[in-house]
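Engineer: Before we start, here is the structure in question, set down as structure tokens.
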Amino acid sequence: MRAFIDYQNKIPHRIFTPEENKVYKVSNDKLIDFLKKMNIKEVYIESAPKQWINKLLDNNIRVFILRTKNHRKWRKKYKLRKSHENDTKLLFLLFQNEPKLFKKYVKRQLDDDSEIQRYALLLREKTRVEIKTKINSKLGLSTKELEEYKKWLEREASKMLYRLKKRYSNILNKFSDIKGLAGGNLLYFLTLIPDIRSFRSTREFLIYLGLRGVGKHYKNWNRKARDTLIKIAIKVAQHNGIKFSPRKPNWPYLRKLAALIYTRLKENVGESVV
């Protein structure tokens, strides 16, 4: 059986079951028990936090997520007013008429770690401070406070990276022979991509990153993952004396690096590369 869920953060979720043509209100703490009792094996949602989705997956419930959103157009098409109940029915109607709008969710290669997320935020803040420092310098304004703040950010990032490298040494050691690769940005990248076993080939992985002719899948590649890969490539290129501009990336080099990461991760799970 399938269920169509309008995920809610503070109020009960709305769950539509087509077989009964009924919308249920179910609190989050009772959700898993409800789905098991109803023998629900697949749920279709618009979006939800990763931890919430992973809990469903851990209970052998498959999750499908809406690829694109155009609710105003769809409500008009199906003559539905905006409400939590109607949004569950809308998901069902979309699945019934355009099933390709939904994509099966696969666990990330690396589960969310709040410290990895904080490390990524520190690096972004450091970049922002560097840009602001250059602007102030050109305008003849003081940069002393910004420079002190930047040093603090660098110290915090360095301490955090030390802890992360110890925690994830089993993963990073797979890339230890490549200068500049086995770092915090790689860990962040792994939290953005699906489990490597979900990709059938290197080409499929490159398509997911928007690095190959994506054709009809052009809307579905992961921009955040590719942007992070570019940051990784900049550092690897610097360590290996290769020119790489973030404004005009060396796409062949980026594809080569992505394929290398894919290969090492596939080897890590004992699977051959297609």
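Engineer: Would you mind listing how long region 183-254 runs along its three principal axes, going by Cα atoms, in whole Å with the largest first?
Structural biologist: That works out to 35, 24, 19 Å along the principal axes.
Engineer: A further question follows. Taking region 114-268 as the region of interest, what is the percent of Cα-Cα pairs per 5 angstrom bin, listed from the shortest bin to the one with the maximum distance?
Structural biologist: Calculated over all Cα pairs of region 114-268, the distribution is 1, 8, 16, 19, 19, 16, 10, 6, 4, 1, 0 percent.
Engineer: Give me the extension gain from Asn250 to Gln51: residue separation times 0.36 nm, minus the current Cα-Cα distance, reported in nm with one decimal.
Structural biologist: Length gained, Asn250 through Gln51: 68.1 nm.
Engineer: Which translational diffusion coefficient, to the nearest whole µm²/s, is obtained for region 23-73 from the Stokes-Einstein equation, given a Kirkwood hydrodynamic radius over C-alpha pairs, 4 °C and 1.567 mPa s?
Structural biologist: The estimated diffusion coefficient comes to 107 µm²/s.
Engineer: Once you place label points 7 Å from the Cα toward the Cβ at Leu139 and Ser27, how far apart are they in nm?
Structural biologist: 5.2 nm
Engineer: According to the Kirkwood expression over distinct Cα-Cα pairs, how big is the hydrodynamic radius of region 2-104, in Å?
Structural biologist: Evaluated on region 2-104, it is 13.7 Å.
Engineer: Right, something else. Considering every pair of different Cα atoms, what Kirkwood radius, in Å, is found for the chain?
Structural biologist: It works out to 21.5 Å.
Engineer: Something else about it: Going by average Cβ density within 10 Å per residue, which order do the peptides 192-198, 45-51 take, highest to lowest?
Structural biologist: Answer by packing, highest mean first, reads 192-198, 45-51.
Engineer: Find which of Ala182, Ile32, Asn222 sits farthest along the positive direction of the dipole of the chain, computed with +1 on the beta-carbon of Lys and Arg, -1 on that of Asp and Glu, about the Cα centre.
Structural biologist: Sorting the options by dipole projection puts first Asn222.
Engineer: What percent does the relative contact order of the chain come to when contacts are Cα pairs within less than 8 Å and at least six residues apart?
Structural biologist: Over the chain, the number comes to 13 percent.
Engineer: Which pairs in the list Lys55/Lys104; Lys144/Lys166; Lys69/Lys224; Lys36/Lys79; Lys76/Lys104 are over 24 Å apart, alpha-carbon to alpha-carbon?
Structural biologist: In this structure, Lys144/Lys166; Lys36/Lys79; Lys76/Lys104 lie more than 24 Å apart at Cα.
Engineer: State, to one decimal in nm, how far the label point of Asn60 lies from the label point of Glu115, with both points 7 Å from Cα in the Cβ direction.
Structural biologist: Between Asn60 and Glu115, the simple spin-label model gives 3.4 nm.
Engineer: Roughly what % of DSSP beta bridges within region 2-104 run antiparallel, to the nearest 5?
Structural biologist: Bridges in region 2-104 that DSSP calls antiparallel: roughly 60 percent.
Engineer: Output the relative contact order of region 114-268, whole-number percent, from Cα pairs under 8 angstrom with separation of 6+ residues.
Structural biologist: Reported relative contact order: 22 percent.
Engineer: Return the percentage of antiparallel bridges among DSSP beta bridges fully within the chain, rounded to the nearest 5 %.
Structural biologist: If we restrict to bridges inside the chain, about 60 percent are antiparallel.
Engineer: So how far apart, in nm, are the two label points at Thr127 and Glu204 if each is 7 Å from Cα heading toward Cβ?
Structural biologist: Using points 7 Å along Cα→Cβ, the separation is 3.0 nm.
Any read-out appearing in this document is the output of simple, stated calculations on the displayed coordinates, not a laboratory observation. Since the structure is predicted, the reported quantities are computational estimates derived from the model, not experimental observations. No Cβ is skipped: glycine too gets one built from the backbone with ideal geometry, and neighbour counts run over all protein chains shown.
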